[in-house]
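Working notes for the structure below.
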Amino acid sequence: MILLFVTLISNPVFAIDPPKGDFGKLTDSESTNKKNFQYSQNSLHSQSFEKDSQEISVLLTHVGEIDRRLGQYELDFWISVTSKNLDFTANPPQLDFVNGKIDYLQNEFIRDNYYEAFVQGTFYSEMDFHEFPFEKINMLIEIEPSAPLESNVLKFVVGPKSGIDSSVTVSGWNLTETSFDVIKHDYDENETFDRFVAVFTAEHSEIRMFLKTFFPVAVFLGISLISFWIPKNFTMRIYISMPPLMALTFWHIYMMSSIPSVGYLTLFDKVMIPVYALFVHNILSIGIEARLDHFQKLDLSMNVNKIMKLLIPILGFGVFFILLFV
């Protein structure tokens, strides 16, 4: 009953520069001079890029491994940039992928004020496991222009091509929600950049996760509680109760090993604690009944058994509801 109720209520910055041949390589001194020139000529940049805006579109084509322990995920996508004023054949867009590292950048296409490329990379974001195993994974792609293109110089706009390709599949996950937005990100009082943020949400099927995660728990608990209907054979009751408790403990450790160590109780923890409480309740009942039986207080022993059986749902649901507010 507890498990059914749970299912009802749970509902590095890497800068991308277009690949250059030998003609595009700079020596250390040339690179330093170029960087100094860019920053010392900030007013010239402001004049060149003033009031310019770029449309950023991200089209997701593949999701690789989602590593929940490390908080990382592999994404493949097409990125396109459209500018009103800039000629990308002379000045390609300079983009920083703030929350990831790019493994491959290929199939670049540049024409006048349009830029397109195929990107494969590994990205990182904070993951919330309060609802584990029914958690949602928000996979972010965060993009900023390279310095000195602050937000007063270059504006980002969400492009119309942003979305998910119809052929995208994620092994073991369902892509359920997407969102695209442009926010302001402050590094200090004098540096504010536009940041394009794409969010792709993945989650498990609730029915599948219930059967995979909580059904074994229900089986272990059910086997243990059978002992209440064997009131006099205390040795058999112990043999019935203890192996499921050991199996349940290993199952709990196994399930929690798929996520990082967190400093709060997950939904799975909040279900397991009442189940542990019922196991303790069962073993306590066996001990009390065995002691009364030893002193030939058979009627009192039977009454204890009946009372302990009635307390099973009260104890289980009571502990669970208390943990809901923790």
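Read-outs throughout are calculated quantities, based only on the coordinates presented, and are distinct from any laboratory measurement. This structure is a prediction, so every number in the text was calculated from the model and none was measured. Counting neighbours? That spans all protein chains shown, and the Cβs are built from the backbone with ideal geometry, glycine included.
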Problem - Contour minus Cα-Cα distance for ASN233 and LEU310 (0.36 nm per residue) - result: 25.7 nm
Problem - Distance between modelled label sites at THR192 and MET246, nm, 7 Å Cα→Cβ extension - result: 6.4 nm
Practice task
Please give the net charge around GLN54, taking every other residue with its beta carbon less than 11 angstrom from that of GLN54, where Lys and Arg add +1 and Asp and Glu add -1.
Solution key: -1
Exercise for the section: Pull out a ≥ b ≥ c, the square roots of the eigenvalues of the alpha-carbon gyration tensor of the range 207-324, then state rounded if a/c is under 1.5, prolate if not and a/b is larger than b/c, and oblate in the remaining case. Expected result: prolate
Problem - Length added when fully stretched, ASN303-LEU324, from 0.36 nm per residue minus Cα-Cα - result: 4.3 nm
Problem - More than 29 Å apart - percent of Cα-Cα pairs taken over the range 54-209 - result: 20 percent
Practice task
Please identify every one of the trypsin sites (Lys or Arg not before Pro) in the range 129-190 that sits in a loop by DSSP and has no more than 15 other beta carbons within 10 Å of its own beta carbon.
Solution key: LYS161
